[in-house]
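Enquirer: Encoded as structure tokens, here's the structure I'll be asking about.
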Amino acid sequence: MNNKTAVLGFPRIGEKRELKIALESYWKREISINKLESVASELRLKHWELQRNAGVSLVAINDFSFYDNTLDLMIALGAQPQRFRDISDVNQRYFAMARGDTTHTAMEMTKWFNTNYHYIVPELTTDFEFGAICTDKIVTEYREAQENGFDGAIQLIGPITFLGLSRCDTVITRTLFDPLLEQYAKLLREIVALDTNIEIVMHEPFLTIGADAGELSLLKIAYERLASLSPSLSVATYFEHSNEATAVLVHTPIKGLVLDFVYGTKNSESLEILGKSTKHVTIGIIDGRNVWKNNLQQSLQTLEYIATYVPKERLTIGTSCSLLHVPYTLKHEEKLETNVKELLAFAEEKLGELVLLSKAFFSGEAITFPVHPKASVDEAVKKRLSALTSNDFKRSHPFSVRQMSAHDHFDLPLLPTTTIGSFPQTAEVRKVRQEFKKGLLSKKAYDKSMKDMIATCVAFQESIDLDVLVHGEFERNDMVEYFGEQLNGFAISSNGWVQSYGSRCVKPPLLYGDVSRPKAMTLEWSVYAQSLTSRPMKGMLTGPVTILNWSFVRDDQPRALSATQIALAIRDEVDDLQNSGIKMIQVDEAAFKEGYPLRYENRTDYERWALDSFLLSTAIAHKDTQIHTHMCYSEFTDIIKTIEAMDADVISIETSRSGNRLLRIFKETGYSQEVGPGIYDIHSPRVPSVEEMEAQIYALLEVLPANQLWINPDCGLKTRGWPETQAALINMVEATKKARATL
Ligand code: GLN
Ligand code: ZN
């Protein structure tokens with residue numbers, strides 16, 4: 001039996017982030033395009049080699065990208081926005097679309113479904129004119145694989161997903177769809193000309209959001225057409241089930257479907273129709289998004305169950321999605337403790353799991369799988385969880401009472417000014433942290449440096465007359481990793497990088513066991529900062545939902561339970577802070593919204609436990625402790641009731657780029673807690689003038705009353721330099737004073 005295992009993509013950034021290094025050198029003009037291309041080609045060959053050596057029968061082709069696959073596809077389809085077509089050099093144009101250049105603003109980038117990977121958003125208009133198609137990249141990579149004897153499938157993003165993710169000036173209609181499909185048809189014709197039986201996998205994760213009737217009819221049109229051009233065309237969906245689409249696809253002439261049985265277990269509801277059809281089915285059962293070892297015994301049972309519907313001759317087993325979302329290899333994780341390491345499988349190890357599973361499944365060989373490791377249990381955490389009561393999720397006093405008490409207690413002016421937490425992370429700050437980490441700097445010297453930076457930062461804030469101060473977060477490399485490093489149940493890998501966008505990678509903490517807090521995590525810095533000033537100092541914590549959403553989370557218990565455990569640890573920190581005189585505490589939930597499930601029907605459940613986790617972490621606050629939260633977005637329309645129920649005394653949000661339009665929802669729903677709608681955009685180095693910020697404040701005052709408003713930038717200042725930070729904050733305070741004088 002051939003083609004029994006398949007991979008939907010491999011981490012292209014490289015074992016040691018070779019692609020990142022090469023790209024960044026190329027951007028700095030240190031290496032030529034030829035050199036960059038040869039690095040890329042070596043990486044592709046190495047990754048195919050790894051897949052084949054592991055025993056994978058169908059490797060992924062065209063999963064490589066210099067920046068992003070959606071961007072590559074735009075080039076292939078001739079879908080470059082008009083505004084870049086003046087750039088004649090193809091490489092220059094490609095990177096200008098991705099990153100902008102002196103005369104072109106970069107294209108928008110956003111998260112790929114509910115992952116932390118970002119794609120470049122196609123820009124389409126109803127009158128969009130496609131350019132010529134270009135198969136260069138696909139052909140090069142296919143030939144490269146051929147010449148080196150690799151059997152593979154060409155991976156492409158399909159038309160429904162491409163359209164679904166585009167930014168259009170209108171709803172998707174046939175006027176847009178028809179010409180797009182025409183481009184796909186041209187592309188396929190050229191690909192099939194290389195070899196009629198070439199395997200092609202069209203990625204259509206958009207279908208897992210739950211396609212409506214209109215989309216389903218386009219789906220049918222698309223795949224009747226495309227499958228008629230190519231006899232070996234399959235459609236892949238992932239991150240959820242896609243039963244609505246499966247019901248349509250089985251009646252098109254496609255060869256097969258690739259379905260996610262890790263995150264889309266409900267795909268099993270389609271087994272009967274799949275069985276009755278003649279389609280090939282690839283079962284995505286090796287988790288492409290998480291880092292834990294596969295429970296092979298359990299997976300084998302799932303496969304055997306599936307085989308009672310679809311005969312083995314028509315089955316392939318594969319990864320649930322591209323392995324792009326997991327780190328490359330465990331090889332370099334010498335520092336991880338064995339009890340953590342034995343739980344893990346990164347991309348390279350997952351290839352091994354895939355092949356082992358296929359041997360057991362297809363050949364019926366009696367394979368004894370290694371015993372599936374279990375995370376150790378912390379009885380104390382279990383006990384604490386079972387003792388929770390509904391009171392632990394509720395503040396002792398209602399907001400109205402707390403607000404009065406805060407009024408007396410803090411004695412703040414109207415429109416209090418503050419910041420979101422971090423101040424510039426200069427090269428010096430990073431150097432101090434790194435040297436301490438490497439053991440080149442003593443704890444004493446490190447503490448002294450940190451305290452000096454805090455003191456400078458506090459003095460600056462006082463000097464410009466901000467009302468509520470922060471310590472600056474100099475001790476943190478990242479708002480999640482900082483807590484992950486200190487909590488029990490979390491581990492930090494040395495080389496567990498995953499691509500976030502372009503050359504940028506992140507290293508999410510590994511939440512592998514029961515979570516608890518061995519000791520206070522932020523107290524020392526906050527208490528020191530408060531000792532320097534008589535103004536209120538905000539304690540700074542990352543919320544449980546954000547810590548969860550930006551970590552690799554254990555898969556042997558529900559996410560909700562892990563969130564509750566983290567919430568308890570944060571709760572203890574809140575309590576320690578308030579008992580040490582920190583009476584304003586900000587619990588950041590930057591990733592609250594991105595944790596929303598893909599399918600609408602699963603939202604209520606998420607909202608319930610995400611909300612509960614936030615409440616559990618903050619409800620311990622006394623009447624006179626003010627809880628702040630911060631979220632890095634502005635679109636609250638569909639989640640405002642949940643935000644309200646979080647019962648934070650103050651929420652700071654990002655509305656600087658949308659004016660006060662998005663603030664209206666707070667008024668319309670009768671939101672009563674206080675709001676700090678960021679009045680300037682920290683994502684740009686531009687310093688807005690006093691007049692500009694003043695105008696922004698008046699705009700806010702048209703929507704919400706002065707006693708409900710705070711004035712602050714729209715996010716943390718850590719990516720900015722000091723000069724522009726100083727200038728912008730001085731202007732912000734001055735604008736606020738002017739506005740106050742009119743009230
Ligand atoms: N307190 C954090 C900071 O200022 C919040 C960061 C964020 O919202 N992403 O950096
Ligand atoms: Zn933010």
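The values are calculated or read from the model by the stated rules, or taken from the named source; none is laboratory data. None of the values given here were measured: they were computed from a predicted structure. Because the Cβ atoms are built from the backbone with ideal geometry, glycine has one as well, and the counts that use them run over all protein chains shown. Protein only, heavy atoms only, side chains kept; ligands, DNA and RNA dropped before computing areas. Shrake-Rupley method; radii C 1.70, N 1.55, O 1.52, S 1.80 Å.
Results for (1) under 23 Å from Asn114 (Cα atoms); (2) open to solvent by less than 10 Å² (accessible area, probe 1.4 Å), shown as yes or no for each residue.
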| residue | (1), (2) |
| --- | --- |
| Glu224 | no, no |
| Pro231 | no, no |
| Thr237 | yes, yes |
| Ala247 | no, no |
| Tyr263 | yes, no |
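Enquirer: What are the residues in the range 674-723 that are within 16 Å of ligand 1 (Cβ to nearest atom), acidic (Asp, Glu) and out of contact with any Phe, Trp or Tyr (no Cβ under 8 Å at 6 or more places or on another chain), if any?
Expert: Result: Asp681, single match.
Enquirer: So which of Asp478, Asp465 is more than 16 Å from ligand 2 (Cβ to nearest atom), closer than 23 Å to Ile682 by Cβ and assigned to a loop (DSSP other than H, G, I, E, B)?
Expert: On inspection, the qualifying residue turns out to be Asp465.
Enquirer: Can you tell me which of (1) in contact with an Asp or Glu (Cβ under 9 Å, 6 or more places away or on another chain); (2) surrounded by 14 or more Cβ atoms within 10 Å (Cβ to Cβ); (3) charged (D, E, K, R) is the one Arg686 doesn't meet?
Expert: (2)
Enquirer: Then there's this: I'd like to check something: does the range 518-537 contain any residue that is part of a strand (DSSP E or B) and under 28 Å from Pro327 (Cβ atoms)?
Expert: No, there is no match, as no residue in the range 518-537 is part of a strand (DSSP E or B) and under 28 Å from Pro327 (Cβ atoms).
Enquirer: Return yes when Asn339 is of a type outside the set (A, V, I, L, M, F, W, C), more than 23 Å from the chain's Cα centre (by Cα), surrounded by fewer than 22 Cβ atoms within 10 Å (Cβ to Cβ) and modelled with pLDDT under 95 and no when it is not.
Expert: Against the criterion (of a type outside the set (A, V, I, L, M, F, W, C), more than 23 Å from the chain's Cα centre (by Cα), surrounded by fewer than 22 Cβ atoms within 10 Å (Cβ to Cβ) and modelled with pLDDT under 95), Asn339 qualifies.
Enquirer: Here is a further query. Out of the residues in the range 592-636 that are of a type in the set (Ser, Thr, Tyr) and surrounded by 23 or more Cβ atoms within 10 Å (Cβ to Cβ), state the one that is nearest to ligand 2 (Cβ to nearest atom).
Expert: Thr629
Enquirer: Also: Name, by its number, the condition in (1) under 25 Å from the mean Cα position of the chain (by Cα); (2) under 23 Å from Ser232 (Cβ atoms) that does not hold for Gly55.
Expert: Every listed condition holds for Gly55 apart from (1).
Enquirer: I would also like to ask the following. Please determine, by comparing only the residues of the range 570-589 that are in contact with a Gly (Cβ under 8 Å, 6 or more places away or on another chain) and in a loop (DSSP other than H, G, I, E, B), which one is farthest from ligand 1 (Cβ to nearest atom).
Expert: My answer is Ile582.
Enquirer: I would also like to ask the following. Being part of a helix (DSSP H, G or I) and out of contact with any strand residue (DSSP E or B) (no Cβ under 9 Å at 6 or more places or on another chain) is the filter here; which residues of the range 701-736 pass it?
Expert: Glu702, Ala706, Trp722, Pro723, Glu724, Thr725, Gln726, Ala727, Ala728, Ile730, Asn731, Glu734 - these are the residues of the range 701-736 that are part of a helix (DSSP H, G or I) and out of contact with any strand residue (DSSP E or B) (no Cβ under 9 Å at 6 or more places or on another chain).
Enquirer: Does Val310 meet the test of being over 20 Å from Ser57 (Cβ atoms) and open to solvent by less than 20 Å² (accessible area, probe 1.4 Å)?
Expert: Against the criterion (over 20 Å from Ser57 (Cβ atoms) and open to solvent by less than 20 Å² (accessible area, probe 1.4 Å)), Val310 does not qualify.
Enquirer: While we're on this one: Has the range 526-547 got any residue that is within 19 Å of Thr338 (Cα to Cα) and of a type outside the set (S, T, N, Q)?
Expert: So far as the range 526-547 goes, no, none of its residues is within 19 Å of Thr338 (Cα to Cα) and of a type outside the set (S, T, N, Q).
Enquirer: Looking only at the range 404-440, filter to residues that are out of contact with any Phe, Trp or Tyr (no Cβ under 9 Å at 6 or more places or on another chain) and within 16 Å of ligand 1 (Cβ to nearest atom); which one of those is nearest to Met732 (Cα to Cα)?
Expert: Ranking the qualifying residues of the range 404-440, first place goes to Thr419.
Enquirer: Can you tell which of Leu344, Leu330 is under 27 Å from the mean Cα position of the chain (by Cα), without any contact (Cβ under 8 Å) to a residue 40 or more places away in the chain and either more than 16 Å from ligand 2 (Cβ to nearest atom) or farther than 30 Å from Ala706 by Cβ (or both)?
Expert: Leu330
Enquirer: If you take the residues in the range 465-503 that are of a type in the set (A, V, I, L, M) and open to solvent by 20 Å² or more (accessible area, probe 1.4 Å), which one is farthest from ligand 1 (Cβ to nearest atom)?
Expert: So the residue we want is Ile492.
Enquirer: Quick one: would you say Ser400 is within 20 Å of Gly676 (Cα to Cα) and either away from ligand 2 (no atom under 16 Å from the Cβ) or of a type in the set (S, T, N, Q) (or both)?
Expert: Against the criterion (within 20 Å of Gly676 (Cα to Cα) and either away from ligand 2 (no atom under 16 Å from the Cβ) or of a type in the set (S, T, N, Q) (or both)), Ser400 qualifies.
Here's the yes/no breakdown for (1) of a type in the set (Gly, Ala, Ser); (2) open to solvent by 60 Å² or more (accessible area, probe 1.4 Å); (3) at pLDDT below 95:
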| position | (1), (2), (3) |
| --- | --- |
| Gln82 | no, yes, yes |
| Ile87 | no, no, no |
| Phe95 | no, no, no |
| Ala106 | yes, no, yes |
| Thr110 | no, no, yes |
| Asn114 | no, no, yes |
